Amino acid sequence: MITPAAGMDWSGAVWMTKHQIADLFGCFVAKVVSNIAVVLKSGVLDESRVCRFYRYKDGGGVELYSLEMITALAFRIDTHNAATFRRWLIERAVQSAPKYQPPIAMLFPVRERTLPN
């Protein structure tokens, strides 16, 4: 589970560590790390936008990954939890998408006009 202190910034955006992502998807950290490397190497996501380094007061630090990266990883990692997360993402995307409205021309038949010679 994402805790507000570790998993969210002040704007409400989700950021998680590789260990939290591994827990979310039910896999080993090594699988998360290798898939992060593949996603970044492919150039699909910009590292400066999806990775942050948080430094603790004691000098230590942890790398955090955005929801955009977590989403990309969900489609690369094949576990039951990742599949559940993918289904949740798709349901949310469908719910928030605007409903299809047919063009007005389809609602009202258009008569052909003949132009005078």
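Hey, could you check region 1-18 for residues that are surrounded by fewer than 13 Cβ atoms within 10 Å (Cβ to Cβ) and modelled with pLDDT of 60 or more and say which is nearest to Glu63 (Cα to Cα)?
Ranking the candidates gives Ala13 first.
Filtering region 29-81 down to residues that are β-branched (Val, Ile, Thr) and not in a helix (DSSP H, G or I), which residue is surrounded by the fewest Cβ atoms within 10 Å (Cβ to Cβ)?
Residue satisfying both the conditions and the ranking: Val44.
Can you run down the residue pairs with Cβ atoms below 7 Å, 6 or more apart or on separate chains, where the first is in region 69-82 and free of Cβ contacts under 8 Å to residues at least 24 places away in the same chain and the partner is of a type in the set (D, E, K, R) and part of a helix (DSSP H, G or I)?
Hits for this filter: Phe75/Arg86.
The values are calculated or read from the model by the stated rules, or taken from the named source; none is laboratory data. This one's a predicted model, so the numbers in the text were calculated from it and none came from an experiment. Using ideal geometry, Cβ is built from the backbone for each residue, glycine included, and neighbour counts are taken over all protein chains shown.
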